[in-house]
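Colleague: Quick one: structure below, then a few questions.
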Amino acid sequence: MKKLLLSLVAALLILSGCNKTKQFTVTLSIDNADGLTVYLNKDFGMVEMCIDSAVFDGKNAVLKADFDDPQTNYFVKFDKNEMCNVFPFFPENHDVTVTGDYNEIYHWEATGTPAMEAYNAFSRKVLPLEDAIMALVYDMYAAYDENDTVRGKELYLKAEAGMEEYNAILFEYYKQHSNDLICQYDLNRKKKEFDPMVLKEVVETMTVESVYKKEIEKYLEEIEAIEMPIQIME
């Protein structure tokens with residue numbers, strides 16, 4: 001009887017071990033976040049769900065999530081109900097380390113997956129150009145506030161030229177990394193900023209299917225439908 005009981009216990013332990021869901025860890029190292037509560041949300045399309053939370057001890061906090069479809073998008077945020085100021089990333093079921101400053105969430109970086117690390121390296125390269133464009137925009141508004149329309153227009157043209165250069169750099173990166181989920185996600189967010197023909201050129205290089213690729217293709221179909229000439233029935 002004792003041997004039978006031990007056998008049953010052993011079988012239950014093996015079974016529970018087999019059913020145990022694998023998890024990945026999101027380790028946060030964020031300056032100026034001591035004492036704040038951080039939330040890890042999973043993207044369900046039009047809906048987000050909070051799946052874990054933690055309180056920062058100094059600059060450190062740890063969040064956990066069960067393995068999911070590798071294409072699942074996650075968000076780190078400090079307010080469960082806030083739609084802005086979120087940090088999106090694709091862990092692809094890998095442990096991820098997120099670094100940055102609480103006051104500059106748009107400059108955070110996630111390491112642990114090749115696609116995210118490549119995108120972070122690219123972002124660091126174009127950051128000076130982003131800052132330069134924003135400086136021109138701030139100066140432009142200041143000029144118009146001072147009724148200096150000549151300088152305001154001059155700054156506007158410089159900012160516009162800077163944006164064209166920035167978008168061209170983005171386009172080349174998206175084209176070269178068109179199968180990275182983070183690029184498909186980012187391109188989908190910015191699709192209206194690109195000429196449809198340019199956008200189509202990038203999409204044609206995508207071999208990995210994703211919800212973001214489908215959204216871009218749907219947008220292009222809608223544009224083509226609008227631009228299609230109406231045939232007059234005789």
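Colleague: If I stretch the segment between ASP57 and GLN176 completely, what's the gain in nm (0.36 nm per residue apart, minus their alpha carbon distance), one decimal?
Modeller: Values: separation 119, 0.36 × 119 = 42.84 nm, distance 3.97 nm.
Length gained, ASP57 through GLN176: 38.9 nm.
Colleague: Now for a separate question. Relative contact order, percent, of the chain when contacts are C-alpha pairs under 8 Å separated by at least 6 residues?
Modeller: Values: 299 pairs, mean separation 30.1, N = 234.
The value is 13 percent.
Colleague: In the set (1) 1.12; (2) 1.09; (3) 1.02, which value of Rg/Rh (Cα atoms, Kirkwood Rh) was calculated from the structure you see?
Modeller: The calculated read-out lines up with (1).
Colleague: So which trypsin sites (Lys or Arg not before Pro) in segment 71-132 end up in coil per DSSP with only 16 or fewer other C-beta atoms within 10 Å?
Modeller: Working: sites: LYS77, LYS80, ARG124, LYS125; in loops: LYS80.
Here the trypsin sites (Lys or Arg not before Pro) that fit, given the DSSP loop and packing criteria, are LYS80.
Colleague: So which GluC sites (Glu not before Pro) in segment 136-181 end up in coil per DSSP with only 10 or fewer other C-beta atoms within 10 Å?
Modeller: On the way: sites: GLU146, GLU154, GLU160, GLU164, GLU165, GLU172; in loops: GLU146.
Listed in order of number, the matching sites are GLU146.
Colleague: Using the beta-carbon distance between TYR219 and THR72 and R0 = 22 Å, what value does 1/(1 + (r/R0)^6) give for FRET efficiency, to the nearest 0.05? Walk me through the numbers on the way to the answer.
Modeller: Numbers: r = 22 Å, r/R0 = 1.00.
Efficiency computed from Cβ-Cβ geometry: 0.50.
Colleague: Related question: Counting Lys and Arg as +1 and Asp and Glu as -1, each charge on the Cβ, what is the dipole of the chain about the Cα centre in debye, to the nearest 20? It would help to have the intermediate numbers written out before the result.
Modeller: Values: 23 positive and 42 negative charges, 311 e Å.
Dipole about the Cα centre, nearest 20: 1500 debye.
Colleague: Between VAL126 and ASP31, what FRET efficiency comes out of the Förster formula 1/(1 + (r/R0)^6) with R0 = 30 Å and r the beta carbon distance, rounded to 0.05?
Modeller: Working: r = 22 Å, r/R0 = 0.75.
It comes out at approximately 0.85.
Colleague: Turning to a different aspect of this structure: So which GluC sites (Glu not before Pro) in segment 48-99 are both in a DSSP loop and have at most 14 other Cβ atoms within 10 Å of their Cβ? Walk me through the numbers on the way to the answer.
Modeller: On the way: sites: GLU48, GLU82, GLU92; in loops: GLU82, GLU92.
Counting only loop positions with at most 14 other Cβ atoms within 10 Å, the GluC sites (Glu not before Pro) in segment 48-99 are GLU82.
Colleague: Given a Förster radius of 30 Å and the C-beta distance between ASP148 and VAL198 as r, what FRET efficiency does 1/(1 + (r/R0)^6) yield to the nearest 0.05?
Modeller: On the way: r = 35 Å, r/R0 = 1.16.
So the FRET efficiency works out to roughly 0.30.
Colleague: Only helices at least 27 Å long along their axis, Cα-based, and averaging 0.5 or more on Kyte-Doolittle count here, so list those DSSP H runs from the chain.
Modeller: On the way: long enough: 114-145 (45 Å, 0.21); 149-176 (40 Å, -0.61).
Taking the DSSP H segments of the chain (at least 27 Å long, mean hydropathy at least 0.5), we get none.
Colleague: Is there a quick way to get the dipole size of segment 40-136? I mean about its Cα centre, with the Cβ of Lys and Arg at +1 and of Asp and Glu at -1; what is the value in debye to the nearest 20?
Modeller: For this selection, approximately 140 debye.
No lab work stands behind these numbers, since they all come straight from the coordinates. Worth saying up front: this structure is predicted, and the values here are computed from it rather than measured. Positions of Cβ are generated from backbone atoms using ideal geometry, with glycine treated the same way; all protein chains shown enter the neighbour counts.
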